[in-house]
There are 2 protein chains.
Amino acid sequence: MEEAFAGKRVLITGGLGFIGSNLARRLVKADAQVTLVDSLIPEYGGNLFNIAGIEDRVRINISDVRDEHSMKYLVQGQDYLFNLAGQTSHMDSMQDPQTDLEINVRAQLSILESCRKYSPAAKIVFASTRQIYGKPDYLPVDERHPLRPVDVNGINKMAGEWYHILYNNVYGLAACALRLTNTYGPRMRVKDARQTFLGIWVRLLLEGKSFEVWGGEQLRDFSYVEDTIDALLLTAQNDAANGKVFNVGGEPVVSLLETAQLLVEANRGGEYAVRTFPAERKRIDIGDYYADDRLLREAVGWHPKTSLAEGLRRTLLYYQNHLYQYI
Amino acid sequence: MEEAFAGKRVLITGGLGFIGSNLARRLVKADAQVTLVDSLIPEYGGNLFNIAGIEDRVRINISDVRDEHSMKYLVQGQDYLFNLAGQTSHMDSMQDPQTDLEINVRAQLSILESCRKYSPAAKIVFASTRQIYGKPDYLPVDERHPLRPVDVNGINKMAGEWYHILYNNVYGLAACALRLTNTYGPRMRVKDARQTFLGIWVRLLLEGKSFEVWGGEQLRDFSYVEDTIDALLLTAQNDAANGKVFNVGGEPVVSLLETAQLLVEANRGGEYAVRTFPAERKRIDIGDYYADDRLLREAVGWHPKTSLAEGLRRTLLYYQNHLYQYI
């Protein structure tokens, strides 16, 4: 599926981050001309080590998506824009809602305005999130499920997603959005739980410490990052995806407790403590979630290839070798 | 229903505008202590003439809801906040999306942050819009209908509405939102169609000119401003409304052509031309819309009292006397 990108110009916002850097690796292999935009804000996902080994085959532009002038220049002449930069922490969005708004709403609008004016032929794939569904009415959650975000981050990501679809519909830009579930794998942030709770679990496990499972009965689906990237690449190259929003899910559906057990098994040891859900998180807890992603499967032929057990094994292997680059 | 407001401190954003000024008149009659915030930006709805006769019984504060410092001070000590300020023009939101975002998204978040920090006991009623539904899947549209905004204004109003509900749910602020349909009546903007197309119809009719009906078959419901204000007052004083979103509709459901005919009849003469929907509007046209507002009726005992024919008659009477103050 990478063939379509040979010789193409590709811009990735959040390009030094978890998903962005893994995507860059795939695109570099495909001989795409890749530019990575990243702000390298310490609390977010960017890390120069993420592109170790490919640093000479990508162009790195350190700037923030809130910098309209930078983005206006960078979008020009691109064939593809993978728009992955975002503030992802739900707690941070509650403590500093305006910053979340600037990144997840205002910057998105200015990126789209830049594309409309200066790069109308670029195909745009936006990384949205299942967080915008809120607490599900039914399972699995399909794309027709009502949107009821339970935090500022969810509201803002919803607006950012809608801008993309609107600009597709009204201005004829080619844009689509993927509502990602819990994405995990090598190069994710493990310093803390800002990007995913699996990150801090992996770190603590490898440091020989006990990690905490909050609640434990909640059902989730997880997407190994290479499967997520398949979805990004397939929707980017497929016109049938334009103007559409797709769930990206993962197999199997598991409880948090089962996930913790799988992680400990993959590590051949380790321990965790089950803890009551903290009150401040309880208010924005969504209970069970897993995605119906048949729309994506049918539209572009995507399917996940990596089981959770295998994905966790590969993730641990990566951090066993490189943990010191991430903490 | 105004009795609950006697002696209470009430802040109205957009207080010199169409709905805000009519609301102020009702609250002044009820002996509330009313503060009106308005930016008086010429393209928006504020007009000092709107408070002619009550100017000595309200406090007027000329400032913009984007001015965080002003809002932080003004919300303090209020019992009620009617949060009506907004950018309402769909075309303006497409031509200058960032300004729409600043007013309808960022300012809303900072108002809510100010309330959370400095006025947590104030009850907040937010003026949302039926525009966020987009093109209806079914009629009449109830509050469970999916949200699919078709313009930047709709996306931004949706985010603003969600912030209000979120702050109710997470922080215990008392807030609710009304999704207003086409509101009309004395003190609406008639200079152009920025607030409502009925405005420019009324102006042209009274100037003896032909007005334009775009399309004509589209069904709509209209809410006479005094009925809209009943909804604002009832939801403000009723705790059962907290955290909820309500449609506000109107009777009867009519086509745009029927509306034009009713307006001409109310004026005892006048003419209009039926015109094909302009291409630039067609892309964001939503077809038929009318609201199911039973939730509001059941929750707070609201019902509309003014028929469209009677409302149009009163509106024309107002502008026959005062048109020169509005053009």
Label position 7 Å from Cα toward Cβ: report the copy-to-copy distances for B:Leu257 in nm, one decimal, ordered from shortest. 6.6
Taking a label point 7 Å from Cα toward Cβ, how far is B:Gln98 from its twins in the other copies, in nm, shortest first? 1.7
With a point put 7 Å past each Cα toward its Cβ, work out how far A:Glu310 is from B:Asp142 in nm, to one decimal. 4.6
Considering only C-alpha atoms, what is the centroid distance from the stretch A:198-251 to the stretch B:84-141, in Å? 32
For chain A, what is the charge dipole size about the Cα centre, in debye to the nearest 20, if Lys and Arg each add +1 at the Cβ and Asp and Glu each add -1 at the Cβ? 340
Given that compact globular proteins tend to follow 2.2 N^0.38 Å, what is the ratio of the alpha-carbon Rg of the stretch B:14-106 to that value? 1.10
quick shape note, the stretch B:187-315: Cα extents on principal axes in Å, largest first -> 47, 33, 23
Share of alpha-carbon pairs per 10 Å distance bin for chain B, given as whole %: 6, 28, 38, 23, 5, 0
How many nm separate the modelled label positions at B:Glu271 and A:Ile54, each set 7 Å beyond the Cα in the direction of the Cβ? 6.8
Peptide A:146-157, shielding by other chains (average Cβ, 10 Å cutoff): 4
Give the average over all directions of the projected area of the C-alpha convex hull of the protein assembly as shown, one decimal, in nm². 28.0
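Relative contact order of the stretch B:8-157, please, whole-number percent, based on alpha carbon pairs below 8 angstrom and at least 6 residues apart.
Working: 264 pairs, mean separation 35.0, N = 150.
Contact order relative to length: 23 percent.
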For the charge dipole of the stretch A:223-327, defined by +1 on Lys and Arg C-beta atoms and -1 on Asp and Glu C-beta atoms about the Cα centroid, which residue among A:Ile229, A:Phe277, A:Thr306 has the Cα displaced farthest towards the positive pole? A:Phe277
Computed on alpha carbon atoms, what radius of gyration and Dmax characterise the stretch A:259-322, expressed in Å? 16.4, 42
In nm, the gap between the two label points placed 7 Å beyond Cα toward Cβ at B:Ile41 and B:Ala299 is 2.8
Just to be sure I understand: chains A and B are related by a rotation, so which residue of A has its Cβ closest to that axis, and how close in Å? A:Ala159, 2
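Just how large is the dipole of the stretch A:65-215 about the Cα centre, in debye to the nearest 20, putting +1 at every Lys and Arg Cβ and -1 at every Asp and Glu Cβ?
Once rounded to the nearest 20, the dipole reads 220 debye.
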Using the Cα centre of the stretch A:91-155 as the reference point, and only Cβ charges (+1 on K/R, -1 on D/E), how large is the resulting charge dipole? Debye, rounded to the nearest 20. 340
Calculate the mean, over all residues of peptide B:160-167, of how many other protein chain Cβ atoms lie within 10 angstrom of the residue's Cβ. 5
Of the candidates A:Phe18, B:Thr183, A:Leu316, the farthest towards the positive dipole end of the protein assembly as shown (Lys/Arg Cβ +1, Asp/Glu Cβ -1, centred on the Cα centre) is A:Phe18
Unit charges at the beta carbon, dipole of the protein assembly as shown: most positive-side option, A:Ile200, B:Pro140, A:Asn267: A:Ile200
Share of Cα-Cα pairs in the stretch B:86-125 lying beyond 14 Å, as whole percent: 52
Over the Cα atoms of the stretch A:208-256, compute the convex hull volume and normalise it per residue, giving Å³. 115
Label spacing, shortest first and in nm, from B:Ala309 to its equivalents in the remaining copies (7 angstrom along Cα→Cβ): 7.6
So what is the relative contact order of the stretch A:2-325, in percent, for Cα pairs below 8 Å that sit 6 or more residues apart? 17
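If you average 1/r over all unlike Cα pairs in the stretch B:53-192 and invert the result, what Kirkwood radius do you get in angstrom? Before the final figure, lay out each step's value.
On the way: mean 1/r = 0.0620 Å⁻¹.
16.1 Å is the Kirkwood radius here.
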Within chain A, longest stretch free of exposed trypsin sites (Lys or Arg not before Pro) [DSSP loop, at most 13 other beta carbons within 10 Å]: A:1-143
Between A:Glu280 and A:Arg66, 0.36 nm times their residue separation minus their Cα-Cα distance comes to what? 74.1 nm
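Just so you know, all these numbers are worked out from the coordinates, no wet-lab data involved. Note that this is a predicted model, so its numbers are computed, not measured. Cβ atoms come from the backbone with ideal geometry, glycine included; neighbour counts cover every protein chain shown.
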